[in-house]
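> The structure under discussion is supplied below as structure tokens; questions concerning it will follow.
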Amino acid sequence: MIEIDTRERVEIIDITSSIEEYVRKSSIENGICLVYTLHTTTGLTVNEAERGLIKDMCRLMSSLIPEGAGYLHDRIDSNAHAHLQALLLGNSVTIPVDAGRPILGTWQRILFIELDGPRRRRLYCRTISE
């Protein structure tokens, strides 16, 4: 289990080094690493972690599914937009592992997306050997 303390309402956090450490400690040589968020208002993706692109991602999510747009779920706790944004992102990523290391492209990073923070979040990780 990996725990993350988010600091912002909406935040994208590069968790690549945490996943690399998890894979290293698992002693897997070849296989896959599943990373799964245990929360319905967060997401996971693999993409570039360039600062401008991170801001663009946040802007895109808020423009596609804006806060306070009359969602029925808002009558409960005013975070329907975060649930709907997470629906678009997905709740897991699967990374190939080769020679004991996660395989990522040159600019690829594993990104955790907080959509309803700040909060303490948990990620479940599992390595599966070939």
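> I want to confirm something. Restricting to region 73-130 and keeping residues that are touching a Pro at 6+ places or on another chain (Cβ under 7 Å) and not in a helix (DSSP H, G or I), which single residue is nearest to Leu44 (Cα to Cα)?
That would be Ile95.
> Related question: Mind listing whichever residues of region 74-129 are of a type in the set (Val, Ile, Thr) and more than 15 Å from the chain's Cα centre (by Cα)?
Selection gives Ile76, Val97, Ile103, Thr106, Thr127, Ile128.
> Which members of region 9-49 meet the condition of being closer than 13 Å to Ile110 by Cα, assigned to a strand (DSSP E or B) and of a type in the set (S, T, N, Q)?
Thr37, Thr45, Asn47
Matching residues to (1) among the β-branched types (Val, Ile, Thr); (2) more than 22 Å from Pro118 (Cβ to Cβ):
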{"site": "Gly31", "(1), (2)": "no, yes"}
{"site": "Val46", "(1), (2)": "yes, yes"}
{"site": "Arg51", "(1), (2)": "no, no"}
{"site": "Arg75", "(1), (2)": "no, yes"}
{"site": "Asn79", "(1), (2)": "no, no"}
{"site": "Leu87", "(1), (2)": "no, no"}
{"site": "Gly100", "(1), (2)": "no, yes"}
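> Considering only region 58-72, state which residues are part of a helix (DSSP H, G or I) and either crowded, with 18+ Cβ neighbours inside 10 Å or of a type outside the set (A, V, I, L, M) (or both).
Cys58, Arg59, Met61, Ser62, Ser63 - these are the residues of region 58-72 that are part of a helix (DSSP H, G or I) and either crowded, with 18+ Cβ neighbours inside 10 Å or of a type outside the set (A, V, I, L, M) (or both).
> Next up: Quick one: would you say Leu72 is free of Cβ contacts under 8 Å to residues at least 40 places away in the same chain and within 19 Å of Ile12 (Cα to Cα)?
So Leu72 fails the test.
Only the coordinates and a few stated rules stand behind these numbers; no lab work does. As the structure is a prediction and not an experimental result, all values here were calculated from the model. Here Cβ is always computed from backbone atoms with ideal geometry, including for glycine, and neighbour counts include all displayed protein chains.
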